[in-house]
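Contents: one structure, followed by commentary.
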Amino acid sequence: MLKAVRDSVHRMTSHLQLISTYLEMEDYTKALGKTRETMRELHALATSLTGLANVGMTVPQDGAVVVPHGSTVVSYEDVNVDVDKDEVRAVDKNEVRAGYGNDNPKTK
């Protein structure tokens, strides 16, 4: 989900640059259309961020973590980013230390 949020922010940034270009060219119809598209994207982003902000990423004592099919589960010690020992977090594939992600089986 975090990748989708990042992609959404990048799309909105591109939209804003296009809107600025259309305004400089005095093409107000295209600027208006792109503005409406950007507003829809912004609304979707706000919904996604609300969901992320409300998700409690903690695991109860003696609990379990359920992950999507095909995910690789690694320890906080096996990543190149700062993750507390009691924190549950999704990281990009390139943030898993070499030799660790491939040693752990993917979930089925």
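The values are calculated or read from the model by the stated rules, or taken from the named source; none is laboratory data. Predicted, not measured: the structure shown is a model, and the values here were computed from it. Here Cβ is always computed from backbone atoms with ideal geometry, including for glycine, and neighbour counts include all displayed protein chains. With ligands, DNA and RNA removed, areas are computed over all heavy atoms of the protein, side chains included. Shrake-Rupley method; radii C 1.70, N 1.55, O 1.52, S 1.80 Å.
Report the label-to-label distance for residue 93 and residue 67 in nanometres (one decimal), using points 7 Å from each Cα along the Cα→Cβ vector.
1.4 nm
Given R₀ = 22 Å, what would the calculated FRET efficiency be for residue 47 paired with residue 10, taking r from the Cβ atoms and rounding to 0.05?
0.80
Of 82, 27, which has the most accessible area with a 1.4 Å probe, and how do the rest follow in descending order?
Heavy-atom accessible area, descending, gives 82, 27.
What distance in nm separates the two pseudo spin-label positions at residue 30 and residue 77, each 7 Å out from Cα along the beta-carbon direction?
Going by the 7 Å Cα→Cβ label model, 5.7 nm.
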